[in-house]
Amino acid sequence: MNHDLVRLAHTGSNPDMLRRLVAESGWSGAVRRLRSSSKTSAAVKAGLDIDSEARLEHLSGIGVELIADGDDRYPPALSGLPDRPLWLFVRGRIPSAVGVAVVGSRRGTRYGLELARAFGSQIAGAGWPVISGLAAGIDTAAHSGAVDVGGDTMAVLGSGIDVWYPRRNRVLGEAILAGGGAVISEFPPGTTPDSWRFPARNRIISGLAGVVIVVEAAVRSGALITARLALEHGRSVMAVPGDLSRETSVGANLLIRDGAHPLTELHALIEELELVMGQAPATRLPQGGSDGDHESLLGLLGPISIPIDELAASAGVSIDRLLADLAHLELSGLVMVEGGAVRSCM
Amino acid sequence: MIAKVSSAVLVGVEPREVSVEARAFGSKEVFALAGLPDASVREAKHRVRSALAQANTHVSQTIVVHLGPADLPKRGSAFDLSIALAVLGALDRQAAVPPVVAVGELAMDGAVLATNGALAAALVARDRGLPCLLPPEMAAQAACVSGVDLIPVRTLVEAHAVALGRAAPPPVPEPVGFAEDCADRSAQDCADMSDVRGQALARRALEIAAAGGHHLLLSGPPGCGKTMLARRLSGLLPPLSEDEALEVACVWSAADRWRNPGSRPPFRAPHHSASMAAVLGGGSGIPIPGELSLAHRGVLFLDELGEYPSNLLDSFRQPIEQGSITIARKGATVTYPASCQVVAATNPCPCGYLGDRIKQCRCAEAGVAKYRQRLSGPLLDRFDLRVTVARPERLDGPTGESSAVIRERVVAARELQRDRGRLNRELPGGELDDLAIAGEARRLLRLAVDRGLVTGRGYDRSRRVARTIADLSGCETVEAEHVAEAMSLRGEAA
């Protein structure tokens, strides 16, 4: 069956059609019927004719497992979906718990990115895997937040499992794997990240998640597609309300208008999620670091960065004193100073 | 007979004496000029002949005028007066013109007009101990050079009479006021720090930059006030000493520009479309200084640093480090001083909103990478201070101290540096190791390096800036708090 599976996985043919074929005739039956059909295109035939032995060897060589629908290791969250993928290429370990998806624009604002990162940390800290697409922007921030706290996170790629997109996210992808998370894809290795593959990827994201959180999304965006799929899959959708004047807020605001749950408080995320997902698996909530000397300064900082000028005013300290304090806090890893603004790293 | 009068020219910033010798002989009406005159000098013969006619001296002999040294190219109209006086001396055997330095252009009617070169003439006159004849406007400019016998003259006849001692010299006009601070500056360059609202971080960075002479890179979204802040730096610098001011005035004079030696340190902001020659200096004959040298002892402001062509940015580096630039041309090879403090402003990405808290960046990823690449590496290393200027949340924030108040602290800090022998900006790695630095401060730096927060280069930059912060607070030893603050100002890509 493995050989037939690997052949089918390389055909790139319509999953609905394949699902029907496999349901009717089994894996090897499907391969036979495709081979004998006169309607089968040359590209699909090429997929069927690959050297499955060599391919399987290659996959295990690069640490990739091919898991078919019905396998014990196939994510249970996906099994019930009518449009579930027939197989998944998997690196790392698929988490057993149902996850929370955090998705959004590839061009988030700094606010959106920091929020997504904070959400990633909080969700992973509560023991739920953070599901996202390893794309630039909000996806990256959400995964990074989970990696920051050493939590579980799963990246669903819209390209082949060995193709990092954007390329610089290779570092993040490897960090996810090193942290015990997973990188998965429906597409065979070497598949290029073509934009038409992303909606297909998004259905896996929403399928794996109990709740989909949309942080900053334009009207025409992958995040909104994910949200729509989530409703079809019967998942809950939460959205961060945004500035009316900004293009990347409109999508999230429209979701709220259409019934998505608005996230209105920075620190109430876990409670809101528990209402839908049930008790959080872990009580491993991120511990705020402490530093005796700078307690009051740390008290003013949260996950969303504050310009240094403003912090000096609200803390009531001189700028030279504040800069010196921030250097100490940065050294202890308690705060992050970036672009003239500070946030806490908790 | 041969008569001789002195004139002067700047070669680079060196004032050089030009001896103007005239010989009259024969009866053929010829006027010849030797000594590499350019077209404007060659035309002097027409002006001189006409001015002499107005003084009732009609030339009917062969006149040869030589401007020495023979191999130094001469340009401009400042030699007119000296040529006329030398010719008068050559024609009149009874009245030899005593040695004087004379500069000024002649009008057809014999009036002496102001030109460039007042400083060169005054400096040559001072060094040679000669009186200096020049039009009153130039005398006012030259008055900043002390120890020179300046004789303002209005006409050729008057100049001749005064030179021969036949008339009393007219009174020297008031020197161009040292107090007219803003005379040669646009209102913007004179702007005061007290107009700046909020921006505590940028204010602090400017103060430290002024105190240690550190090159400063301001980055931030459009409209956050980078340019506004940079333009205020020269107002924070200590006033130039008389020698420094003269040196600056000489550089400006070499570029045919008058700069009042009493004014504040210069502020130059060459546009990113400026040519290599305009920025570095160049031109035919004797090369003239570029913006880099005009900013000597002052501020060179590069707005939108990423827009400057990279070969231009590369060519800055070495002169700025060395404090001087040597330009070789066919006519002469000159070295101009170029010890200036660079302030650069840049957007974080082409659209300017990368990392902005509110607005979203619209740049393609590759565009951002390319933009950053232009600013990377060796050039960026020169900026000891790198500060991100945030867009102010409110435009009605509190105003801060005025430039004068900040300048007082800067002056005190500079005094400490002068005692040590050099500006903190110029501290080389070796001297940084000998810095008086407290044990705890040393541990803090080591920790930062170990944790990867500060790189090797950032280590040196942090120490230089920490030294300046200590100077600002009047401490002989660099303490931990100084190092900590310096680390916060090192910039992201440390």
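A:Gly180 falls short on exactly one of the conditions (1) among the small types (Gly, Ala, Ser); (2) surrounded by 17 or more Cβ atoms within 10 Å (Cβ to Cβ); (3) more than 23 Å from A:Ala68 (Cβ to Cβ), and that condition is (2). Among the residues making up the range A:321-336, those that are more than 7 Å from chain B (Cβ to nearest Cβ) and surrounded by fewer than 21 Cβ atoms within 10 Å (Cβ to Cβ) are A:Arg321, A:Ser332, A:Gly333, A:Leu334, A:Met336. Remark: pairs (first residue in the range B:395-406, part of a loop (DSSP other than H, G, I, E, B); second residue open to solvent by 80 Å² or more (accessible area, probe 1.4 Å); Cβ separation under 6 Å; 6+ apart in sequence or on different chains) = B:Gly397/B:Arg197.
The rows are residues; the columns are (1) modelled with pLDDT of 95 or more; (2) open to solvent by 10 Å² or more (accessible area, probe 1.4 Å); (3) of a type in the set (Phe, Trp, Tyr).
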site	(1), (2), (3)
B:Val41	no, no, no
B:Lys45	no, yes, no
B:Ala53	no, yes, no
B:Pro69	no, yes, no
B:Gly76	no, yes, no
B:Arg93	no, yes, no
B:Val101	yes, no, no
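Does B:Ala278 satisfy the condition of being open to solvent by 10 Å² or more (accessible area, probe 1.4 Å) and out of contact with any Pro (no Cβ under 8 Å at 6 or more places or on another chain)? So B:Ala278 does not fit the description; no. Checking each residue in the range A:282-296 for being buried (at least 16 other Cβ atoms within 10 Å of the Cβ) and modelled with pLDDT of 80 or more picks out only A:His294. In the range A:209-253, of all residues being in contact with a Pro (Cβ under 8 Å, 6 or more places away or on another chain) and open to solvent by 30 Å² or more (accessible area, probe 1.4 Å), the one that is nearest to A:Arg84 (Cα to Cα) corresponds to A:Ile225. Looking for something within 14 Å of chain A (Cβ to nearest Cβ), more than 20 Å from B:Gly298 (Cβ to Cβ) and either in a loop (DSSP other than H, G, I, E, B) or in contact with a Cys (Cβ under 6 Å, 6 or more places away or on another chain) (or both) - is there at least one such residue anywhere in the range B:327-346? Checked the range B:327-346: no residue is within 14 Å of chain A (Cβ to nearest Cβ), more than 20 Å from B:Gly298 (Cβ to Cβ) and either in a loop (DSSP other than H, G, I, E, B) or in contact with a Cys (Cβ under 6 Å, 6 or more places away or on another chain) (or both). Pick from the range B:367-402 the residues that are modelled with pLDDT of 85 or more and more than 13 Å from chain A (Cβ to nearest Cβ): which of them is surrounded by the fewest Cβ atoms within 10 Å (Cβ to Cβ)? Ranking the candidates gives B:Ser402 first. Here B:Gly26, B:Gly12 are screened, and the one residue that is open to solvent by less than 70 Å² (accessible area, probe 1.4 Å), farther than 18 Å from B:Asn116 by Cβ and either in contact with a Leu (Cβ under 7 Å, 6 or more places away or on another chain) or not basic (Lys, Arg) (or both) is B:Gly26. Please tell me if A:Leu254 is of a type in the set (A, V, I, L, M, F, W, C), farther than 28 Å from A:Gly127 by Cα and more than 11 Å from chain B (Cβ to nearest Cβ). So A:Leu254 passes the test. Here B:Arg490 meets the list (1) under 26 Å from B:Ala412 (Cβ atoms); (2) within 11 Å of chain A (Cβ to nearest Cβ); (3) free of Cβ contacts under 8 Å to residues at least 24 places away in the same chain; (4) part of a loop (DSSP other than H, G, I, E, B) almost entirely, failing just condition (3). Take the residues in the range A:106-133 that are under 12 Å from the mean Cα position of the chain (by Cα) and within 14 Å of chain B (Cβ to nearest Cβ); name whichever of them is surrounded by the fewest Cβ atoms within 10 Å (Cβ to Cβ). Only one residue tops the list, namely A:Arg117. A:Gly190 meets all of the listed conditions (1) farther than 18 Å from A:Ala223 by Cα; (2) touching an Asp or Glu at 6+ places or on another chain (Cβ under 8 Å); (3) touching a residue at least 60 places away in the same chain (Cβ under 8 Å) but one, namely (3). For the range A:55-77, the tally of residues that are open to solvent by 50 Å² or more (accessible area, probe 1.4 Å) and in a helix (DSSP H, G or I) stands at 6.
Applying the selection to the range B:1-48, what residues are part of a strand (DSSP E or B) and either closer than 27 Å to B:Ala338 by Cβ or without any contact (Cβ under 8 Å) to a residue 12 or more places away in the chain (or both)? Spell out how you get there, then give the answer.
Restricting attention to the range B:1-48, the residues satisfying the condition of being part of a strand (DSSP E or B) are B:2-11, B:14-25, B:30-34, B:37.
Result: B:Ala8, B:Val9, B:Leu10, B:Val11, B:Glu14, B:Pro15, B:Arg16, B:Glu17, B:Val18.
Here the condition is being within 10 Å of another protein chain (Cβ to nearest Cβ) and either exposed (fewer than 15 other Cβ atoms within 10 Å of the Cβ) or out of contact with any strand residue (DSSP E or B) (no Cβ under 6 Å at 6 or more places or on another chain) (or both); of B:Leu432, B:Leu472, B:Leu423, it holds for B:Leu472 alone.
Counting the residues of the range A:307-320 that are more than 8 Å from chain B (Cβ to nearest Cβ), part of a helix (DSSP H, G or I) and open to solvent by 10 Å² or more (accessible area, probe 1.4 Å) gives 2.
The values are calculated or read from the model by the stated rules, or taken from the named source; none is laboratory data. Keep in mind that what you see is a predicted model, and the values were worked out from it rather than measured. Reconstructed Cβ throughout: ideal geometry from the backbone, glycine too, with neighbour counts over all protein chains shown. We work out accessible area using only protein heavy atoms, side chains counted, and drop any ligands, DNA or RNA first. Shrake-Rupley method; radii C 1.70, N 1.55, O 1.52, S 1.80 Å.
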